[in-house]
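The values are calculated or read from the model by the stated rules, or taken from the named source; none is laboratory data. Predicted, not measured: the structure shown is a model, and the values here were computed from it. No Cβ is skipped: glycine too gets one built from the backbone with ideal geometry, and neighbour counts run over all protein chains shown.
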Ligand SMILES: [Cu+2]
């Protein structure tokens with residue numbers, strides 16, 4: 001499974017498609033690396049996303065990171081609770097960077113199935129099927145917003161992942177590690193015990209605190225036990 005995921009990650013890094021071949025320019029390439037528009041009637045789950053600004057000038061998404069299984073269809077219900085216009089775009093980090101640079105040069109408004117732009121107070125929806133495993137990104141590409149904090153990782157795992165129950169014992173943001181007392185980790189062939197894990201993204205640590213009862217997925221990434229998903 002690790003091998004499959006790594007291959008998918010490498011594919012993500014090297015297969016960044018030419019921008020012109022994407023969903024802009026009037027083409028009908030609905031299938032993107034990050035997936036394709038999904039059918040609301042067959043959504044596997046609904047995820048609520050909030051966009052807002054903070055008093056100290058940050059702009060952010062809640063939650064700060066997302067994880068799904070490959071093949072999952074997700075209905076995103078996105079609300080702009082801020083005082084500025086914001087957008088929610090799903091794509092590869094590489095394409096988001098490129099797109100962001102274009103938006104800095106000209107005023108573009110997206111009307112692609114992988115994005116929604118919302119006025120303050122507005123709520124919108126995207127139904128999306130994550131076809132491929134890999135690391136993707138959700139972001140607001142309005143000039144300055146990405147830099148102010150409006151982006152987060154979307155981790156898409158191979159479909160056979162199993163969530164395991166655990167209790168957070170300690171969170172160490174400095175070393176990027178979390179200690180979890182957990183039930184048997186079936187995928188890793190490991191009995192119930194208390195162990196220290198890395199996290200796939202440091203932002204995951206912000207959502208964990210000692211005493212939390214969680215369900216999580218851990219994988220061996222580059223030989224290190226890493227938490228790749230939490231719910
Ligand atoms: Cu924004």
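Data for the structure
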read-out: Residue match in the stretch 105-121 (condition: under 30 Å from residue 186 (Cβ atoms), away from the ligand (no atom under 13 Å from the Cβ) and at pLDDT below 95); value: no
read-out: Of all residues making up the stretch 54-82, the number that are within 22 Å of residue 201 (Cα to Cα) and in a strand (DSSP E or B); value: 10
read-out: Strands (runs of 3 or more DSSP E) wholly inside the stretch 136-191 that include at least 2 residues being touching a residue at least 12 places away in the same chain (Cβ under 8 Å) and within 16 Å of the ligand (Cβ to nearest atom); value: 151-157
read-out: Per-region count, the stretch 97-130, residues touching a residue at least 60 places away in the same chain (Cβ under 8 Å) and on the phi > 0 side of the Ramachandran plot; value: 0
read-out: Any hit, the stretch 34-43, residues being at pLDDT 90 or above, within 16 Å of the ligand (Cβ to nearest atom) and surrounded by 12 or more Cβ atoms within 10 Å (Cβ to Cβ); value: no
read-out: Residue ID - nearest to residue 90 (Cα to Cα), chosen from residues in the stretch 54-69 that are touching a strand residue (DSSP E or B) at 6+ places or on another chain (Cβ under 8 Å) and without any contact (Cβ under 8 Å) to a residue 60 or more places away in the chain; value: 62
read-out: Yes/no for residue 48 being surrounded by fewer than 17 Cβ atoms within 10 Å (Cβ to Cβ), in contact with a strand residue (DSSP E or B) (Cβ under 6 Å, 6 or more places away or on another chain), assigned to a strand (DSSP E or B) and not assigned by TED's automatic domain parsing to the domain that holds residue 199; value: yes
